[in-house]
Structure formats: C-alpha cells, structure tokens
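The values are calculated or read from the model by the stated rules, or taken from the named source; none is laboratory data. Just so it is clear, the model here is predicted, and its values are computed rather than measured. To get the accessible areas, we keep the full protein, side chains included, count just its heavy atoms, and leave off ligands, DNA and RNA. Shrake-Rupley method; radii C 1.70, N 1.55, O 1.52, S 1.80 Å.
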Amino acid sequence: MSSHNNIINNIIVSNNYYGIYLYSATNNNILNSTLELSRGLGAYISGSNNNNFLENFVRNNAGEAAIDVVLSNNNIFNSNTISNNSAKGVSIRNSNYSALYNNNINTNNSDGIALGYSNYTTLLNNSINFNKNRGISSVSSGGGTFTANNMEGNRYNFEVSGNLDSDYENDIDTSNTVEDKPVYYLKNITNQTY
C-alpha cells in the first residue's frame, strides 16, 4: 500500500504473493498479526519510512526474505517472531536508521539478519538462532550499534565485511554473545590479550 498513518492490527495474511507490501508509505503500524505462507515476501518495505512492526509472526514464507527492507529509513521492528522462512529472516538493503529490538529470528533457511549498504542500524536484544547461514551479516554497513544480541547454532554466527574503513565503524560490545560467549569486535587493535 502507498498510504500513511494506518494501524493494521490482529490480522492473518496467508497464501498471497506478499503478506504486507509498503511502497512509499509512512507512519504505519503493523501489530499482532501473522504473515505466513506467502509465495514471495512476508513483508516488503520499499521507499517507506517511519513504520513500526510490533509483535507479529512472520513464518513459512517462500521469498528471498521474510522481511525485505529496501531504500527505507527509520523503520522499527520490535518483538516479532520470524521463523521457518525459505531464505533470510530480515534483509535490510540501502536503508538507514533501522532498529530491531527483542525479536526472535530462528530456523530460517539463510541469514537471520542481513544488512547491506545500510548505515546506523540498531540491533538490541535479539535472539538469532539456528539459521542455515549467518546469524548476523553486516556488509558495507557502518555506524551500527549492536547490543545484547544472542547468536547460537547458525552456520556462521557473525560476519562484518566491507570495502571502506567506515564499513567497520560499528559499536559492537561484549554484551553480544555467540554460543553464550562474548563477542570481541576489534578494529585497529594491536598487542592486546583477550
């Protein structure tokens, strides 16, 4: 939809191509809903800013991501369960100031969270477990703040890559864990023992 200031609450969207499609849409709230069994994406957010996804189930969708965010800024995903999808759990591409809080992103068939060319992302207190590829992948995405995220049982739990120094300028502290062990994110550090 290309509309603004809507509340979508307590619906079930099943067996469509897209569960939710936001195009050039702002200030919408999608709450307490189930997006499942889509032939494409569970939720597709394109050119859309300042939307909130809260306490939704996004599961068993067949597209390249359960939630795909493209060219969209300042979107918040809080307390969603994103599981058993055919590819990535959450893909965020060319989008800035996204925030993911308190989500369970589990048993997806590719990455749990994939960031690409997306800066200033906040990841806080997410459980990202048993995905078939990476737990968190951050590609050419700087300025992020990752805090208290738990990764376990993913093929590769955590990856940061890029071509520029700024792609690695993230605040990633030891409250993040892999298999219950702290993540040490080091850049330009020498002669230290951990």
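Stokes-Einstein D for the chain at 10 °C, 1.306 mPa s, Kirkwood Rh over Cα pairs, in µm²/s?
Using the Kirkwood radius from Cα pairs, D works out to 97 µm²/s.
Share of the chain's accessible area from carbon and sulfur, percent, 1.4 Å? Show your work: numbers first, answer last.
Values: 3950 of 8980 Å².
The C+S portion of the solvent-accessible surface of the chain is 44 percent.
Search the structure for amide H atoms under 5 Å from the amide H of residue 162, placed 1.01 Å from N in the peptide plane, and list their residues when 5 or more places away or on another chain.
Amide H neighbours of residue 162, under 5 Å, 5+ apart: 140.
How large is the translational diffusion coefficient of segment 74-132 in µm² per second when you combine the Kirkwood radius over alpha carbon pairs with Stokes-Einstein at 4 °C and 1.567 mPa s?
Stokes-Einstein gives a translational diffusion coefficient of 115 µm²/s.
For segment 128-194, what does the alpha-carbon gyration tensor say about shape, rounded, prolate or oblate, given a ≥ b ≥ c as the root eigenvalues, a/c under 1.5 as rounded, and a/b over b/c as prolate?
Here segment 128-194 falls in the oblate category.
Give the separation of the Cα centroids, segment 1-47 to segment 112-126, in Å.
20 Å
Rounded to two decimals, what ratio of Rg to Rh does segment 115-156 give with C-alpha atoms and a Kirkwood Rh? Walk me through the numbers on the way to the answer.
On the way: Rg = 10.5 Å, Rh = 10.7 Å.
Radius of gyration relative to Kirkwood radius: 0.98.
Counting only residues 5 or more places away or on other chains, whose amide H sits under 5 Å from the amide H of residue 176 once H atoms are built in the peptide plane?
Counting only residues 5 or more places away or on other chains, the set is 148, 149, 183.
I need the fraction of alpha carbon pairs in segment 80-194 separated by more than 22 Å, rounded to a whole percent. Numbers along the way, then the final one.
Working: 1694 of 6555 pairs.
Roughly 26 percent, once rounded to a whole number.
Give me, ordered by chain and number, the residues 5 or more places off residue 29 or on other chains with an amide H under 5 Å from its own placed amide H.
Close amide H contacts, sequence-distant or interchain: 6, 7, 8, 52.
Is the shape of segment 32-146 rounded, prolate or oblate, going by the alpha carbon gyration tensor and its root eigenvalues a ≥ b ≥ c, with a/c under 1.5 for rounded and a/b larger than b/c for prolate?
Judged from the Cα gyration tensor, segment 32-146 comes out rounded (a/c under 1.5).
In Å², and per residue, what accessible area does the chain have when probed at 1.4 Å with the other protein chains present?
Roughly 46 Å² per residue, with all protein chains present.
Taking every Cα atom in segment 1-88, find the radius of gyration and the maximum pairwise distance Dmax, and write them in Å.
Gyration radius and largest Cα-Cα distance of segment 1-88: 11.4, 31 Å.
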